[in-house]
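What follows is a set of notes on a single structure, which appears directly below.
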Amino acid sequence: MEYRFLGSSGLKVSALSYGAWVTFGDQIDEDIAADCMRTAYDAGVNFFDNAEVYAGGRAETMMGNIIKKVGWKRSDLVLSTKIYWGGSGPNDKGLSRKHIIEGADASLDRLQVEYVDLIFCHRPDLDTPIEETVRAMAHIVDQGQAFYWGTSEWSSEQIRAAHDIARREHLVPPTMEQPQYNMFHRDRVEKEYLPLYTEMGLGTTIWSPLASGLLTGKYSEGIPPKSRASLPTYRWIRRRFESPEGQLQIEKVKKLGDVAADLGISLPRLAIAWCLRNPYVSTVITGASKPEQVKENMQALDDLTALTPEIMEMIEAILDNIPTKEQNFR
Ligand code: NDP
């Protein structure tokens, strides 16, 4: 395993990590989840990602049970959670001081730990002043309930505003962002956030490296049974794959499959290695419903050298989606 600094912080995260969305509590039971986590840990993964909303809190409970049962040393792990959707009550949602503090307490209870290493604002909250959110997140860090805080899917403008408030008020600033990043979803990581990597030392923990499985090639002949897109609760993913844009992406996936085959590696490995290649990616959060998938995905680190400039050019020609650069008119 390779360990990368989380942005300009002193924290090291495994370049490949493992998260609980869709799978824990909704798709797989605790035994399979434990096998997946053990397989990841044995491959050197130290970072495990979660959120208060995953399976309505059951994903955190499962992860907490597994960590307790396996008996890993707390200091060997980097654990995260994300706060935003905590329930149906009027104060269970968003980034008010009340929900951040109560949500973090409840997450720690479910995870059965005294602190998480990372805590994220899962989305921006347009109804709460950013200053209220910044103060509440800094409070969580000051109390020792989390070591670092960050955002997920915030615009660069919102991240900068939070950072500026924290600096002005001498509060702990956000240090990381959790954006989607994969071959089909590139603009934020490759363009919008670009100035923030140097300005703020922003680290990134990127999600859905396989675009929910689309980039494995498994959807090329329809929706396989038991796959993520076949799950009734995730009908919206199936609809996305079956849309005209999804179908166009599936055609590209077929061509990417040829590139992977020529290299003698699997498509998931190629797609994950492609994410890892970006130096601004601190960690690629992988997802998996089976330990065999974890095993396969972890091999992507060995494939970085296969991504030569010539191969990258071939991939770009297939994707045809390089984000346009900011034009300098001088
Ligand atoms: P991926 O895009 O990698 O999708 C993972 C899914 O793809 C698996 O559950 C599995 O689905 C399938 N898969 C994975 N590996 C293989 C393989 N080798 N062969 C065949 N199929 C495979 O990642 P996720 O969308 O799960 O995102 C990863 C993590 O990122 C989440 O667990 C979560 O922690 C985080 N996340 C954060 C978000 C945020 O808003 N901050 C949003 C979403 C995720 P199946 O077998 O069921 O078909």
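The values are calculated or read from the model by the stated rules, or taken from the named source; none is laboratory data. In this text the structure is predicted, and so the values were computed from the model without any measurement. Using ideal geometry, Cβ is built from the backbone for each residue, glycine included, and neighbour counts are taken over all protein chains shown. Areas reflect the complete protein model, heavy atoms only, side chains present, ligands, DNA and RNA absent. Shrake-Rupley method; radii C 1.70, N 1.55, O 1.52, S 1.80 Å.
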Exercise for the section: Answer yes or no as to whether A300 is open to solvent by less than 10 Å² (accessible area, probe 1.4 Å) and either within 30 Å of A59 (Cβ to Cβ) or assigned to a helix (DSSP H, G or I) (or both). Expected result: yes
Completion exercise
Of the conditions (1) within 16 Å of the ligand (Cβ to nearest atom); (2) part of a strand (DSSP E or B); (3) open to solvent by 20 Å² or more (accessible area, probe 1.4 Å), the single one that F147 does not satisfy is (1)
Completion exercise
Pairing a residue in region 216-232 that is more than 7 Å from the ligand (Cβ to nearest atom) with any residue that is modelled with pLDDT under 95 and of a type outside the set (A, V, I, L, M), where Cβ atoms lie under 9 Å and the two sit 6 or more apart in sequence or on different chains, gives L231/D26
Problem - region 253-279, residues that are in contact with a Leu (Cβ under 8 Å, 6 or more places away or on another chain) and more than 9 Å from the ligand (Cβ to nearest atom) - result: V253, L256, G257, V259, A260, L263, L270, A273, W274, L276, R277
Practice task
Taking the options G71, G86, name whichever one is buried (at least 16 other Cβ atoms within 10 Å of the Cβ) and not hydrophobic (A, V, I, L, M, F, W, C).
Solution key: G86
Exercise for the section: Being out of contact with any Phe, Trp or Tyr (no Cβ under 8 Å at 6 or more places or on another chain), under 23 Å from S9 (Cα atoms) and either at pLDDT 95 or above or assigned to a loop (DSSP other than H, G, I, E, B) (or both) narrows it down to one of E102, E114, so name that one. Expected result: E114
Completion exercise
A careful count of residues in region 196-215 that are out of contact with any Lys or Arg (no Cβ under 7 Å at 6 or more places or on another chain) and within 16 Å of the ligand (Cβ to nearest atom) gives 12
Problem - Pick from region 1-35, criterion more than 13 Å from the ligand (Cβ to nearest atom) and of a type in the set (D, E), ranking: least open to solvent (accessible area, probe 1.4 Å) - result: E30
Practice task
Sort out which residues of region 134-144 are open to solvent by 30 Å² or more (accessible area, probe 1.4 Å) and farther than 17 Å from S9 by Cα, and write them in order of number.
Solution key: R135, H139, Q143
